[in-house]
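The values are calculated or read from the model by the stated rules, or taken from the named source; none is laboratory data. Keep in mind the model is a prediction, meaning the values are calculated, not measured. Don't worry about glycine lacking a Cβ; one is built from the backbone with ideal geometry, like all the others, and counts go over all protein chains shown.
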Amino acid sequence: MRGVRTYDTLRRTLDSAMDNKAWQADVILVTGDIVQDESRSGYEMFCDLLSPYGLPVLCTPGNHDDPALMAELLNTRPFQLCGEARFDSWSLLLLSTYLVGEDAGGLGPRRLANLEKALAAHQDQHVLVCMHHHPIPMGSRWLDGVALRDSADFLQLIDRYPQVRAVTCGHVHQQSERDRNGVTYFSAPSTCAQFLPGSEFFALDERPPGCRWFELCDDGSLHTEVQWSTAVS
């Protein structure tokens, strides 16, 4: 895609992460856009690549994904599509922001209601909300035009539940950290190419593929670091 062999960059990014002596992975979080061409073989290759790590793989759909194929092929361990995953004092809530035929995302009344039910049921847990589309502006006109459409409703909901410590997304192909009302909103770099931050129009950055690490602490704090890969096309 755009001159990048995405399977190779994903594989090398994973290998680089697993070789990082400063961090030890307990789970892999994949925030969407797994397969650009929405093909069955693409998801099968994804499963074949990640299964050998022996770690839970938590997935949310992106605008380039096929949710029906994801539901069929990512429904057995170690894979999980959307829902909740609990790790000690933390709950990860995995949201679908997929809209049919749209590059932008949305939750809609039903998904927002389900999220509120989950938050109300997990008030004794620290919560990390995971999704594909970004809910707060990135300062890039073209990219913010394909953001989460009902972000105002989402943010108002998050504001009502203080156990939410952070929200993380994909979609934007760049790293960012933004604080809002005591919650930190993160984005992770892509394992493919990166988008140029702050660009008015579509443009690619020169940064390499990467990933973001999270350490979730029992007291509700978290530590995070972006790791840039040496993967090349």
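Scanning the stretch 200-232 for residues that are touching a helix residue (DSSP H, G or I) at 6+ places or on another chain (Cβ under 7 Å), surrounded by 12 or more Cβ atoms within 10 Å (Cβ to Cβ) and not in a strand (DSSP E or B) yields Pro209, Ser229, Ala231.
Exactly one residue out of Leu49, Leu119, Leu128 is outside any helix (DSSP H, G or I), farther than 23 Å from Gly145 by Cβ and touching a Lys or Arg at 6+ places or on another chain (Cβ under 9 Å), and it is Leu128. So is Leu29 touching a strand residue (DSSP E or B) at 6+ places or on another chain (Cβ under 7 Å), surrounded by 15 or more Cβ atoms within 10 Å (Cβ to Cβ) and free of Cβ contacts under 8 Å to residues at least 40 places away in the same chain or not? The answer is no for Leu29.
If the condition is being closer than 25 Å to Val27 by Cα, outside any strand (DSSP E or B) and over 17 Å from the mean Cα position of the chain (by Cα), then the stretch 79-110 contributes Asp88, Ser89. Residues that are more than 24 Å from Phe214 (Cα to Cα) and touching a residue at least 40 places away in the same chain (Cβ under 8 Å) occur at least once in the stretch 187-199.
The test for being under 20 Å from His134 (Cβ atoms) and part of a helix (DSSP H, G or I) does not hold for Leu69. Return yes when Leu155 is part of a helix (DSSP H, G or I), farther than 21 Å from His64 by Cβ and under 19 Å from the mean Cα position of the chain (by Cα) and no when it is not. Taking the combined requirement at face value, the residue satisfies it. Here the condition is being modelled with pLDDT of 95 or more, out of contact with any His (no Cβ under 7 Å at 6 or more places or on another chain), surrounded by fewer than 23 Cβ atoms within 10 Å (Cβ to Cβ) and not acidic (Asp, Glu); of Leu112, Leu95, it holds for Leu112 alone.
Residues of the stretch 174-233 that are more than 17 Å from Asp19 (Cα to Cα), modelled with pLDDT of 90 or more and of a type in the set (Phe, Trp, Tyr): Tyr185, Phe186, Phe201. Annotation: of all residues in the stretch 1-43 being in a loop (DSSP other than H, G, I, E, B) and of a type in the set (Lys, Arg), the one that is nearest to Leu128 (Cα to Cα) is Lys21.
Taking every residue in the stretch 85-109 that is farther than 16 Å from Asn63 by Cβ and among the hydroxyl-bearing types (Ser, Thr, Tyr) and pairing it with any residue that is at pLDDT 95 or above and not in a loop (DSSP other than H, G, I, E, B), at least 6 positions away or on another chain, the pairs with Cβ-Cβ distances below 6 Å are Ser89/His126; Ser91/Glu84; Ser91/Val127. Residues that are surrounded by 18 or more Cβ atoms within 10 Å (Cβ to Cβ), farther than 21 Å from Asp144 by Cβ and either at pLDDT below 95 or not β-branched (Val, Ile, Thr) (or both) within the stretch 155-173 comprise just one, Arg165. Of all residues in the stretch 201-210, one or more are out of contact with any strand residue (DSSP E or B) (no Cβ under 8 Å at 6 or more places or on another chain) and in contact (Cβ under 8 Å) with a residue 40 or more places away in the chain.
Of all residue pairs spaced 6 or more apart or on separate chains, those with beta-carbon atoms under 8 Å, a first member in the stretch 57-68 that is over 17 Å from Asp37 (Cα atoms) and a second member that is of a type in the set (Phe, Trp, Tyr) and buried (at least 19 other Cβ atoms within 10 Å of the Cβ) are Val57/Phe79; Cys59/Phe79.
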